[in-house]
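Here is the structure we will look at, set down as structure tokens.
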Amino acid sequence: MVSARFVCRAPLASASELPTKRAVAKERTIHVIVQTNTNAVLFWIRRKVQNLLYVYNAAFFSRKKDFLERYAGNTYADIISFDAYQFDDPRVNNDFVADVDNRLLILEQVAREKNKISALAESGYETTPYAEWWTKCLWKAIVSHNISYVLVWRNAGLIDNNHWHYYVPKKGDVSEADFKKFYKLPGTLFQKNVTKEKLYQWKL
């Protein structure tokens with residue numbers, strides 16, 4: 001059984017921040033390194049480690065030229081993606097949907113040209129205070145696009161100054177029901193379904 005694991009986010013200060021070659025190679029795991037600088041990528045390539053997927057990830061861009069500004073090249077990237085967060089109240093300003101839609105169009109064009117996998121590698125709306133954000137914002141933004149996955153950011157819980165920092169709703173939250181609706185959409189695939197489909201299994 002092979003699974004996907006996010007092992008780090010970068011840029012990294014040095015190769016010493018990465019797990020050891022032995023720790024990675026002894027597992028039949030596809031490790032996913034997101035937004036890693038070229039030096040970190042070369043660190044693994046030179047050691048002939050084969051079970052890593054490298055994600056080239058950008059933040060803000062409105063043109064293909066801007067997205068590719070720091071692209072290291074086809075040799076170093078398996079997946080291309082970007083970050084997109086909802087900051088404003090979508091009932092007042094929902095530029096998030098149009099922005100993600102436009103950037104996904106650019107991403108898909110680049111993915112076709114470079115034969116890469118596309119993804120929305122980081123997204124979310126902190127504490128998701130809008131009751132229908134999952135189906136009226138996130139789903140609306142991605143539904144017409146061909147992307148491999150969407151990753152919403154972490155659930156850290158209560159952090160400094162009693163600030164709640166989480167992105168997937170907990171029981172009783174205003175968006176809980178909508179998240180369940182999002183989960184049940186025929187177009188979404190969560191880990192339970194991925195496991196059932198045995199997507200990561202193959203015969204050696």
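Between Lys181 and Gln50, the contour length at 0.36 nm per residue exceeds the Cα-Cα span by 43.4 nm. The ranking of Tyr149, Tyr56 by Cβ neighbour count inside 10 Å, starting from the fewest, reads Tyr149, Tyr56.
When each of Arg46, Arg154 is scored by the number of other beta-carbon atoms lying within 10 Å, the sequence from fewest to most is Arg46, Arg154. Near Ala156: Cβ cut-off under 13 Å, other residues only, Lys/Arg at +1 and Asp/Glu at -1. The net charge is 0. Panel order for Lys64, Lys171, Lys140, by other beta carbons found within 10 Å of each beta carbon, from fewest to most: Lys171, Lys64, Lys140.
Considering every alpha-carbon pair of segment 54-204, the percent of pairs per 10 Å bin, from zero through the bin containing the longest distance, is 10, 36, 34, 18, 2, 0. Here's how it looks for Ala58: its modeled amide H is under 5 Å from those of Ser81, Phe82, Asp83, which are all 5 or more places away or on a different chain.
Laboratory data are not the source of any read-out in this text; all were calculated from the coordinates shown. Small disclaimer: the values here were computed from a predicted structure and weren't measured. As a convention, Cβ positions derive from the backbone with ideal geometry for all residues, glycine included, and neighbour counts pool all protein chains shown.
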